[in-house]
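Colleague: Handing you this structure, nothing more for now.
The values are calculated or read from the model by the stated rules, or taken from the named source; none is laboratory data. Because the structure is a prediction, the values reported are computed rather than measured. Because the Cβ atoms are built from the backbone with ideal geometry, glycine has one as well, and the counts that use them run over all protein chains shown. Accessible surface areas use protein heavy atoms only, side chains included; no ligands, DNA or RNA. Shrake-Rupley method; radii C 1.70, N 1.55, O 1.52, S 1.80 Å.
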Amino acid sequence: MSVLFETTALVLAWRPYREHDRSYSAFTREHGKIEFVARGGQKPLAKLTPHLETVAEVRLLLVDGRQYFTVAGVDRSRGFQSVYSSLTKTTLVQNAFALVDMGTRTHEVDEELYPFLLRWVEFVELLPDITAERAGYLLASFALKFLSHLGYHPELNHCLMCRVAIREGNYRWHALKGGVVCQSCFEKDAEQWFSARLIDDTTLKLLRFAITQDFPEQLRPHLSGQTLSTFHETIESLIIAHFPVIPAVSMREACKHL
Ligand SMILES: [Zn+2]
């Protein structure tokens, strides 16, 4: 027997499903990530998609069928007008949400993630005009906080090996082990750390700032070309090391033409 239920959600992503249907993934307050289908044949998709495919907090009415959830109704409980009218803002929300879709499994309740996603959308909604570099940086700082939330908080202050506080210019970064190793540990066991690479002090400071400071603070740091490149490479290396699927387009690439 089918069961109807209601939930509040942020739609993360959607794709075509079968010939006439669409499949959605959404993050809910109560159930973590869920997936559901909108069936083209049953109820006109045209009525549902405007609410499901723009950035919004929605109230979903779902049918829990035997194999999957089907959407029976949707109401927008909160819209984000300034996100709709800006390509930069839409890009920021959609790419962040695509990353969340990749990094989470269905039906794992996570009470902190929903407010975190909502805070991101609220922050993006209020953004002033920003450059493509700033947009890429904001997205990467979102990714870093999200990784950290998932349990991949990189060690940026103490050597992963000997736990001694990192000194300027005297460490390397190792994505798979998730942090920095001091030069002396690196030299002691070059085989274990062979893929560790040098990053500069400015990049390390920017990583620390991105992870510890809240979204609105991320408009402050000065972004210089070389530091920004290393910053992006470092965060992408973390995503590659820990995610089951890797985004097709890098965060920097996604914001390049904004
Ligand atoms: Zn060490």
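Colleague: Can you list the residues, at least 5 places off or on another chain, whose amide H is less than 5 Å from the amide H of D21, using H built in the peptide plane?
Modeller: Here G40 satisfy the definition.
Colleague: Sort out for me the Cα centre separation of the range 147-184 from the range 220-258, rounded to whole Å.
Modeller: Here the answer is 19 Å between Cα centres.
Colleague: Same structure, new question: If I model the range 38-151 as equal point scatterers sitting on the Cα atoms and use the Debye formula, what is log10 I(q)/I(0) at q = 0.12, 0.20 Å⁻¹?
Modeller: -0.51, -1.20
Colleague: Right, another one. Counting only heavy atoms of protein chains, what accessible area per residue, in Å², does the chain have with a probe of 1.4 Å?
Modeller: The answer is 50 Å² per residue.
Colleague: Which lysines, on any chain, are close to K145 with Cα under 22 Å apart, when same-chain ones fewer than 8 places away are left out?
Modeller: Here the lysines satisfying the reach criterion relative to K145 are K33, K89, K177, K205, K256.
Colleague: Could you give each residue of the range 53-61 its phi-based ³J(HN,Hα) in whole Hz, using Karplus coefficients 6.51, -1.76, 1.60 with θ = phi - 60°, and x for Gly or Pro?
Modeller: Couplings: 10, 10, 5, 6, 8, 10, 9, 9, 10 Hz.
Colleague: Can you give the angle from 0 to 90° between the axis of helix 87-103 and the longest principal axis of the chain, with both taken from C-alpha atoms, to the nearest 10?
Modeller: Taking Cα atoms only, the helix is inclined about 80 degrees.
Colleague: Which residue fluctuates the most in the chain, going by a Gaussian network model with Cα springs under 10 Å, if the choices are L219, L60, L92?
Modeller: L219
Colleague: Can you list residues whose amide H is under 5 Å from D110's amide H, if they're 5+ apart or on another chain and H is modeled 1.01 Å from N?
Modeller: Result for D110 returns G32.
Colleague: What angle do you read, to the nearest 10 degrees and between 0 and 90, between the alpha-carbon axis of helix 225-242 and the longest principal axis of the chain?
Modeller: 60 degrees
Colleague: Another question about this same structure. Note down the net charge around S184, summing +1 for each Lys or Arg and -1 for each Asp or Glu among other residues with Cβ under 12 Å from its Cβ. Each step should come with its number before you reach the end.
Modeller: Numbers: positive: R167, R172, K188; negative: E187, D189.
Around S184, the charge tally is +1.
Colleague: To test your reading of the geometry: what angle, between 0 and 90 degrees and rounded to tens, separates the Cα axis of helix 132-147 from the longest principal axis of the chain?
Modeller: Its long axis makes an angle of about 90 degrees.
Colleague: Keeping the other protein chains in place, figure out the carbon and sulfur percent of the accessible area of the chain, with a 1.4 Å probe.
Modeller: 51 percent
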